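Asks: Pasting a structure below so you can have a look.
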Amino acid sequence: MNSNVAQHRWWHGAVLYQLYVRSWLDTNGDGYGDLGGVIDRLDYLSWLGVDGIWLSPTMPSPDDDWGYDVSDYLGVHPDLGTIDDMDRLIAEAGKRGLRVLLDLVPNHTSSAHPWFVDATGSRGAGHRDFYVWADPGPGGGPPNNWLDATGGSAWAWHEPTGQYYLHNFLASQPDLNWWEPAVHAAFDEILRFWLDRGVAGFRIDVAHGLYKDAKLRDNPPETATGPMAGKFGQKPVYNANQPEVHAVYRDWRRIAASYPDARLLLGETWVGDLSLLARFYGDDDELQLAFNFPFVFAALTAPDLSGVVAETLASLPAGACPVWTASNHDVGRFPSRWCGGDERKIRLALLALATLPGTMVLYYGDEIGMTDVDVPLELQQDAMSRGAGNGWRGNRDRARTPMQWDSAATAGFTAEQVTPWLPVGDNAAVNVASQRDDPGSVLRFCRGLLSLRQAELGGQIAGYQALPGPPGLWAYRSGSLTVLGNFSGRPVVCPHPVGAVLLSTIGPAQPAAGGITLAPWQGIMARNPDAELGD
Ligand code: GLC
Ligand code: CA
């Protein structure tokens with residue numbers, strides 16, 4: 001199977017949709033979205049033109065990290081529904097040609113997971129080695145300098161057994177020990193359990209993190225700056241990012257390949273170096289898709305975006321499928337981060353995301369231009385980021401607020417008398433109901449864009465070619481398309497010939513002497529000039 005010739009796979013050129021279940025639609029009036037709500041709006045997602053959905057964590061969890069602290073990998077969280085609901089969801093999605101990906105969390109469990117409960121029983125407990133235990137450092141205190149996601153020590157003291165355990169995130173999220181073969185066996189079984197039930201694959205949480213340095217060496221100080229630099233002044237050299245992780249994905253890829261229709265492994269590969277990102281694709285024998293965070297954190301400028309796209313495409317192995325996304329439940333929404341709520345920029349960013357070859361991942365609400373919400377401290381729900389401001393590494397609740405279905409006080413997310421678990425954003429105009437009937441809305445623009453993408457680019461994963469241009473212009477050919485984007489506040493003349501204009505983000509395309517004039521922040525999708533004659 002290790003051929004460099006790309007076989008067509010369903011995710012090639014597909015549109016995936018990250019659906020934060022708790023904020024999607026509440027069907028039983030408890031203020032939390034649920035699987036019933038996902039089923040209820042599958043028709044909306046097919047209408048939009050989505051090919052598959054990634055559900056934020058659905059497994060039982062004490063919710064210290066809203067499902068990213070799993071206490072049972074083979075179940076469904078009671079707040080979200082039952083295993084029967086999940087089976088029904090997979091079946092109903094299947095009827096509409098929609099695939100379902102689950103969020104799989106192999107880096108750590110909840111401290112409430114029976115494995116950890118057993119592991120804390122005694123040093124000789126059966127599951128002791130499922131976790132990373134260590135004696136105090138030479139002078140007493142934690143075994144090394146590793147810090148967790150809140151900036152405190154990544155080690156928690158366990159008095160009854162006299163050792164520390166490792167937690168790269170919250171203390172209630174003990175890291176699993178991937179040097180232990182039984183952990184591999186347990187996860188192989190978990191993968192099969194869900195693949196047998198018909199899930200199309202997994203988004204793999206903290207995919208770069210599973211193995212830690214066997215010698216538990218201290219992390220060095222961070223020297224890099226910028227959004228991908230290690231947090232709290234530390235470079236995460238030893239508490240994550242170990243090469244042994246690749247063998248896990250080769251094993252999982254074999255498991256995925258043992259199923260009749262192609263199953264997908266999509267990694268949350270939080271690495272700043274695109275050559276390291278490329279390694280997660282292996283020789284077409286590891287992950288089929290790996291999230292590209294350098295792209296997420298690029299600035300919304302022509303040189304930054306075109307630079308990171310060129311470097312990505314040059315780094316990925318031949319036949320690998322790139323992934324383009326810009327929002328998620330951790331980093332916030334691109335309509336805020338990139339666009340500051342400016343609708344011209346939101347449309348332009350959507351155009352770029354939809355016309356780059358590969359897989360596009362939308363975050364719920366991107367299609368209506370939902371922006372981050374200022375959640376007051378007393379309403380914040382995320383223990384890991386409570387109290388932080390709305391910056392990119394700030395409060396994560398800002399991007400987890402209820403889907404805005406209509407303009408009612410609870411946005412159609414839940415009944416009017418129910419208090420949603422997080423407050424509703426500004427939904428006067430940014431809502432599905434009003435935009436669906438308005439041909440000039442972001443939603444209708446996005447839907448039209450996805451349908452053109454499907455028709456013009458099909459399953460394309462390559463064929464990008466940058467075109468030179470004046471400052472502010474990012475122009476490229478992508479298969480049979482020419483895409484022009486003015487990433488500046490001034491009009492720009494694009495000197496390149498184009499064929500039929502298929503779509504403009506705002507206003508008409510204005511022919512000018514020697515090209516097309518783009519208004520500030522205008523984007524255009526056209527056919528290539530030669531395609532007019534040829535096909
Ligand atoms: C990933 C998730 C994030 C979570 C963390 C720990 O980064 O996306 O939401 O807090 O892992 O599981
Ligand atoms: Ca509910």
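Asks: Could you please give the count of residues in segment 434-468 that are open to solvent by 60 Å² or more (accessible area, probe 1.4 Å) and in a helix (DSSP H, G or I)?
Replies: 6
Asks: Any chance you could count how many residues in segment 60-105 are free of Cβ contacts under 8 Å to residues at least 24 places away in the same chain and within 22 Å of the chain's Cα centre (by Cα)?
Replies: Within segment 60-105, residues that are free of Cβ contacts under 8 Å to residues at least 24 places away in the same chain and within 22 Å of the chain's Cα centre (by Cα) number 3.
Asks: Continuing with this model, one more query. Being of a type in the set (A, V, I, L, M) and either over 31 Å from the mean Cα position of the chain (by Cα) or assigned to a loop (DSSP other than H, G, I, E, B) (or both), is that true of even one residue in segment 469-489?
Replies: Start the filter on segment 469-489 by keeping residues that are of a type in the set (A, V, I, L, M), which leaves 473, 475, 481, 483-484.
This time we only want the ones that are either over 31 Å from the mean Cα position of the chain (by Cα) or assigned to a loop (DSSP other than H, G, I, E, B) (or both), so: none.
Among the residues of segment 469-489, not one is of a type in the set (A, V, I, L, M) and either over 31 Å from the mean Cα position of the chain (by Cα) or assigned to a loop (DSSP other than H, G, I, E, B) (or both), which makes the answer no.
Asks: Do you know which of the residues in segment 388-413 that are in contact with a Lys or Arg (Cβ under 7 Å, 6 or more places away or on another chain) and open to solvent by 10 Å² or more (accessible area, probe 1.4 Å) is farthest from Val373 (Cα to Cα)?
Replies: Trp392
Asks: Which condition number in (1) closer than 30 Å to Ala455 by Cα; (2) within 16 Å of ligand 2 (Cβ to nearest atom); (3) open to solvent by 10 Å² or more (accessible area, probe 1.4 Å) is the one that Asp85 fails?
Replies: Of everything listed in (1) closer than 30 Å to Ala455 by Cα; (2) within 16 Å of ligand 2 (Cβ to nearest atom); (3) open to solvent by 10 Å² or more (accessible area, probe 1.4 Å), Asp85 misses just condition (1).
Asks: Same structure, new question: Keeping to segment 326-373, report how many residues are within 16 Å of ligand 1 (Cβ to nearest atom), part of a loop (DSSP other than H, G, I, E, B) and closer than 17 Å to Asn431 by Cα.
Replies: Residues that pass the stated criteria total 3.
Asks: Going through segment 382-407 one residue at a time, which ones are in a loop (DSSP other than H, G, I, E, B), of a type in the set (A, V, I, L, M) and away from ligand 2 (no atom under 16 Å from the Cβ)?
Replies: Ala383, Met384, Ala388
Asks: Turning to a different aspect of this structure: Within segment 195-219, restricting attention to residues that are surrounded by fewer than 18 Cβ atoms within 10 Å (Cβ to Cβ) and free of Cβ contacts under 8 Å to residues at least 40 places away in the same chain, which residue is nearest to ligand 2 (Cβ to nearest atom)?
Replies: Asp196
Asks: Only one of (1) in contact with a Leu (Cβ under 9 Å, 6 or more places away or on another chain); (2) part of a loop (DSSP other than H, G, I, E, B); (3) of a type in the set (D, E, K, R) is not met by Arg253, so which one is it?
Replies: Going through the list (1) in contact with a Leu (Cβ under 9 Å, 6 or more places away or on another chain); (2) part of a loop (DSSP other than H, G, I, E, B); (3) of a type in the set (D, E, K, R), Arg253 breaks only (2).
Okay, residues lined up against (1) aromatic (Phe, Trp, Tyr); (2) buried (at least 21 other Cβ atoms within 10 Å of the Cβ); (3) within 16 Å of ligand 2 (Cβ to nearest atom):
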position: Gly151; (1), (2), (3): no, no, no
position: Trp157; (1), (2), (3): yes, no, no
position: Pro160; (1), (2), (3): no, no, no
position: Tyr164; (1), (2), (3): yes, yes, no
position: His167; (1), (2), (3): no, yes, no
position: Pro174; (1), (2), (3): no, yes, no
position: Ala182; (1), (2), (3): no, no, no
position: Phe187; (1), (2), (3): yes, no, no
position: Phe193; (1), (2), (3): yes, no, no
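Asks: Within segment 264-283, is even one residue buried (at least 21 other Cβ atoms within 10 Å of the Cβ), modelled with pLDDT of 95 or more and more than 25 Å from Pro317 (Cα to Cα)?
Replies: Taking every residue of segment 264-283 in turn, none turns out to be buried (at least 21 other Cβ atoms within 10 Å of the Cβ), modelled with pLDDT of 95 or more and more than 25 Å from Pro317 (Cα to Cα).
Asks: Can you work out which of the residues in segment 99-112 that are out of contact with any His (no Cβ under 9 Å at 6 or more places or on another chain) and open to solvent by 10 Å² or more (accessible area, probe 1.4 Å) is nearest to ligand 2 (Cβ to nearest atom)?
Replies: Ala112
The values are calculated or read from the model by the stated rules, or taken from the named source; none is laboratory data. Predicted, not measured: the structure shown is a model, and the values here were computed from it. Cβ coordinates were reconstructed from backbone atoms using ideal geometry, including for glycine residues, and neighbour counts include every protein chain displayed. Accessible surface is based on the protein model in full, side chains and every heavy atom, while ligands, DNA and RNA are left aside. Shrake-Rupley method; radii C 1.70, N 1.55, O 1.52, S 1.80 Å.
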